[in-house]
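This report refers to the structure that appears directly beneath it.
The values are calculated or read from the model by the stated rules, or taken from the named source; none is laboratory data. Keep in mind it's a predicted model, so treat the numbers as computed, not measured. All Cβ positions, glycine included, derive from the backbone under ideal geometry; neighbour counts span all protein chains shown. Accessible surface areas use protein heavy atoms only, side chains included; no ligands, DNA or RNA. Shrake-Rupley method; radii C 1.70, N 1.55, O 1.52, S 1.80 Å.
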Amino acid sequence: QVQLVESGGRLVQAGDSLRLSCAASGRTFSSYGMGWFRQAPGKERESVAAISGSGSTRAYANYVKGRFTISRDNAKNTVYLQMNSLKPEDTAVYYCAARDQGASPRYDYWGQGTQVTVSS
């Protein structure tokens with residue numbers, strides 16, 4: 001079982017940068033694969049990025065176009081999403097999620113979300 005708390009979301013201007021954090025509380029944080037998702041009002045939730053438990057492998061949605069970077073610090077039980085060159089279409093609630101890599105094919109644990117708003 002793991003509890004997740006996102007932070008860092010705020011109102012920014014197009015072209016700005018923002019770093020989101022996800023603090024985790026769990027027994028074995030390094031055993032969980034982590035992902036970032038986002039959902040805009042009236043839209044379907046979509047995957048943004050993912051990282052393995054060790055942090056050795058990372059994956060991104062194609063639309064990120066090199067603007068976003070996912071990372072983790074297992075010593076701090078924290079996952080990050082660095083977002084650069086933000087666009088209005090990046091506006092959404094951003095969620096972090098955890099998956100037990102040894103027991104589940106899906107993300108079972110979710111944070112409460114943090115709002116990111118990008119104005120033009």
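Each Cα pair under 8 Å and six or more residues apart adds its sequence gap; the mean of these over the residue count of the chain is a relative contact order of 36 percent. Backbone phi angles across segment 106-120, fed through the Karplus curve with coefficients 6.51, -1.76 and 1.60 (θ = phi - 60°), yield HN-Hα couplings of 10, 7, 9, 10, 9, x, 7, x, 9, 7, 10, 10, 10, 9, 9 Hz in residue order; Gly and Pro are listed as x. In this structure the chain gives 53 Å² per residue of accessible area when probed at 1.4 Å with all protein chains present.
Summing Lys and Arg as +1 and Asp and Glu as -1 over all other residues whose Cβ lies under 12 Å from the Cβ of L4 gives a net charge of -1. Sparse packing (at most 16 other Cβ atoms within 10 Å of the Cβ) combined with a DSSP loop state is found for the following trypsin sites (Lys or Arg not before Pro) in segment 55-101: K65, R67, K76. Legend: residues V93, V2, sorted from most to least accessible area (1.4 Å probe; ligands, DNA and RNA excluded), read V93, V2.
Summarising the label geometry, the points placed 7 Å from Cα in the beta-carbon direction at R19 and T57 lie 2.7 nm from one another. Under a 5 Å amide H cut-off, with hydrogens placed 1.01 Å from N, D16 pairs with L86 among residues at least 5 apart or on other chains. Carbon-plus-sulfur accessible fraction, the chain (probe radius 1.4 Å, protein heavy atoms only): 45%. A full extension of the chain between N84 and Q39 corresponds to an added length of 14.4 nm, given 0.36 nm per residue minus the alpha carbon distance.
Give, as ranges by residue number, the residues of segment 87-112 whose backbone N falls under 17 Å from the point 7 Å along Cα→Cβ of T28. It comes to 98-106, 108-109, nothing else.
Sequentially through segment 85-97, phi angles give Karplus couplings (6.51, -1.76, 1.60; θ = phi - 60°) of 6, 5, 10, x, 5, 7, 4, 4, 8, 9, 10, 9, 9 Hz, Gly and Pro residues having no value and appearing as x.
Estimated translational diffusion coefficient (Stokes-Einstein, Kirkwood radius over Cα pairs, 37 °C, 0.692 mPa s) of the chain: 230 µm² per second.
Extension gain, Q1 to Q112, is 38.4 nm, computed as 0.36 nm per intervening residue step minus the present C-alpha separation.
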